[in-house]
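Throughout, read-outs are computed from the coordinates displayed, never taken from laboratory work. Fair warning: this is a prediction, and the values are worked out from it, not measured in the lab. For neighbour counting, all protein chains shown are included, and Cβ atoms are generated from backbone atoms with ideal geometry for every residue, glycine included.
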């Protein structure tokens with residue numbers, strides 16, 4: 001999905017659409033509709049508005065589209081990483097590695113990787129990376145605290 005389509009979808013998929021979302025960023029529904037209309041060249045979202053919309057709608061599609069445009073990938077890192085037990089993060093990481101191995105095994109079984117299989121591989125790899133990042137973040141917090149909490 002390209003960035004313009006992601007902005008359009010973020011607004012139009014939100015419950016109540018632009019009429020519900022616009023007042024939350026200080027504009028009208030009509031202006032917001034124009035700002036996310038890919039065919040409109042006179043009204044455009046600012047970066048600040050895009051961030052606000054993503055936060056309010058709890059929708060990462062614009063961010064994901066921007067990352068993809070830049071040849072990057074987003075990785076979810078659990079917000080609660082600092083309070084979960086270290087062992088929970090280790091288990092999350094090993095489970096995600098197993099999930100990635102299963103997806104790879106299924107995809108490679110016929111010596112052909114389809115588009116859907118490639119998406120599944122990418123998703124599983126990103127999940128595993130996210131779990132590893134969360135584990136390292138938790139270990140850093142433990143290290144700074146000086147001990148592993150029970």
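Taking Cα atoms only, the orientation of helix 3-13 departs from the longest principal axis of the chain by about 80 degrees. Applying 1/(1 + (r/R0)^6) with r as the Cβ-Cβ distance of residue 102 and residue 136 and R0 = 22 angstrom yields a FRET efficiency of 0.40. Ranked by the mean number of other Cβ atoms within 10 Å of their residues, highest first, the peptides 123-131, 108-116 fall in the order 123-131, 108-116.
Extension gain, residue 147-residue 73: 0.36 nm per intervening residue step, less the Cα-Cα distance, totals 23.3 nm.
Neighbour counts of other Cβ atoms within 10 Å put 61, 102, 138 in the fewest-to-most order 102, 61, 138. Sorted ascending by nearby beta carbons within 10 Å, beginning with the fewest, 94, 27 become 94, 27.
Rounded if a/c is under 1.5, else prolate if a/b is larger than b/c, else oblate: which is the stretch 3-69, with a ≥ b ≥ c the root eigenvalues of its Cα gyration tensor? The shape class here is oblate.
Its DSSP H runs of at least 4 residues, each contributing -39,500 (n - 2.57), put the calculated 222 nm mean residue ellipticity of the chain at -21000 deg cm²/dmol, to the nearest 500. Approximating the spin labels as points 7 Å out from Cα along Cα→Cβ, the residue 34-to-residue 123 distance works out to 3.8 nm. According to the square roots a ≥ b ≥ c of the eigenvalues of the Cα gyration tensor, what is the shape class of the stretch 1-134, taking rounded for a/c under 1.5, prolate for a/b larger than b/c otherwise, and oblate for the remainder? Taking the square roots of the gyration eigenvalues as a ≥ b ≥ c, the stretch 1-134 is oblate.
Computed over the stretch 100-150, the percent of Cα pairs more than 17 Å apart is 51. Suppose each label sits 7 Å from its Cα in the direction of the beta carbon; what would the residue 83-residue 48 distance come out to in nanometres? Between residue 83 and residue 48, the label points sit 3.2 nm apart. Pairs of Cα atoms nearer than 8 Å and 6+ residues apart set the relative contact order; for the chain it is 22 percent.
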